[in-house]
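Worksheet: the structure to be examined is printed underneath.
Read-outs throughout are calculated quantities, based only on the coordinates presented, and are distinct from any laboratory measurement. Quick caveat, the model's predicted, so the values are computed rather than measured. Neighbour counts run over all protein chains shown; Cβ positions are idealised from the backbone, glycine included.
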Amino acid sequence: MKIAYLDCSNGISGDMFLAAMLDAGLDIIDLRRELAKLPISGYGVSLKKVRVGGINTSRLMVRVNQPQHLRYLPDIRRIIRESSLAPAVKKRSGRIFTRLAEAEAKVHGCKIDQVHFHEIGALDTIIDIVGVAWGVHKLGIKKLFCSPINVGSGTIRMAHGIFPVPAPATAELLKNIPYYQSIVKQELATPTGVVLAKEMSFGFGALPQMNITSIGQSSGSRQISGHINLFRLLIGNLLKDQS
């Protein structure tokens, strides 16, 4: 059985997850073709090779070249529904966005269709979620496993003020999964990264017994003193049934 393991010892974000999949073997041209199936425009996607701590990594670059408006969950659902993506990709992407909206609604005390997505509704997050859902489908990964998530520590400035790490929506999404704080005074796990890990992972814990066939390494754009901003995706075959 083909599986993947998300190494979140340095945190996780949507763009780092997708970049790691590209680093592990997905083609950026294929990704562009898939994203072109969405009824959205005004952006460009590229992959940049970056050395972080002496390690070769990939970094996803999303360029937005047209003004974007706030989106609600019905808007996201319509975009996915009207696309020509594979049914499995549509279903998975829609489910992930719904979970994200549910967390935001719980935090803000409103109905999920009333959630202003803010950063989460940005075009680059649509790209991250749909791209990862497509990538798992394209790579033929049957199960994903995940390490406990390093969320960082300190505070983060958001639209409504300064909040402790993990941010409110992130904390809501972290319910019932293992995570921990480190001495790094930064947000290391974003809501998009956490919802992808939570909704797509079969289980959380140590690396399962597997024959690794490819490794994807990615890095974020932030430079954090004393911290290697590195995310790893290990892909291979399960040697012992974990079910």
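Some observations on this one:
- Entries of K49/K185; K48/K90; K37/K91; K143/K198; K111/K143 with Cα pairs more than 20 Å apart: K49/K185; K48/K90; K111/K143
- Coarse-grained scattering of segment 2-238 at q = 0.07 Å⁻¹, given as base-10 log I(q)/I(0) from a Debye sum over alpha-carbon atoms: -0.20
- Listed residue (G54, A103, P87) projecting farthest to the positive dipole end of segment 47-118, Cβ model: G54
- Highest average packing first - 80-90, 4-14, Cβ atoms within 10 Å: 4-14, 80-90
- Extension gain from S84 to V64, taking 0.36 nm per residue of separation minus the Cα-Cα distance: 5.0 nm
- Amide H partners (placed H, <5 Å) of T57, local residues excluded: V50, R51, V52
- Built amide H within the under 5 Å cut-off of C8, gap 5+: S147
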